[in-house]
Amino acid sequence: MNDTKYFGHDSNARSDCKIIKIRKKHGLLGYGIYFCIVEMMACSKNYELETDYDDLAFELKEDVKIIEDIVKNYGLFVVNKSTFYSKSLKQRMSHLDKVREARARGGKKRWEKKKEEFFNI
C-alpha cells in the first residue's frame, strides 16, 4: 500500500510576500528548503516538527543557519518551545484527513453490504 501523503499548495506560492523575502535572501535554495520542511511536516505526527535545527540540517544536507532563519523569521511557521508547524498546512491536512476518513467509512460500508449479499445467497 502506498502511504505517500498528498497535500496541495498554491500554484502561485512563489509570489507570496513571505516567500519572496526568502527568495531574496536565499534564492531558490531557500524556496526549496521551505517546501522540503513542509513536505516533512505533512508526513509527521500532528503535522509538526521538532525545533532541532541541527537534525533538520542533517536531513536536508543544508546549512543549519539557513534552515533556522527560514523557520523563525518569515512568519510562515508557528514556533513553540520544542516544535513548529505551518497553520496553512494543518488546515489543508485537516480537510484532507476528513475526506479520507469519509471515504474509508464509505468503502467499509460497501464492503459490508457486499459480504451480506454474498453470504445471503
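Values for this structure:
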{"item": "Filter result (exposed (fewer than 14 other Cβ atoms within 10 Å of the Cβ), assigned to a helix (DSSP H, G or I) and touching a residue at least 24 places away in the same chain (Cβ under 8 Å)) within the range 37-75", "result": "N46"}
{"item": "Of all residues making up the range 61-118, the number that are at pLDDT below 80 and either under 16 Å from G32 (Cα atoms) or among the small types (G, A, S) (or both)", "result": "5"}
{"item": "Among residues of the range 23-55, those that are more than 15 Å from I70 (Cα to Cα) and of a type in the set (K, R), counted", "result": "1"}
{"item": "Positions within the range 38-56 being among the acidic types (D, E) and either modelled with pLDDT under 95 or within 15 Å of the chain's Cα centre (by Cα) (or both), in sequence order", "result": "E39, E48, E50"}
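The values are calculated or read from the model by the stated rules, or taken from the named source; none is laboratory data. This is a predicted model, so every value here is computed, not measured. Note that each Cβ is placed from the backbone with ideal geometry, even for glycine, and that neighbours are counted across all protein chains shown.
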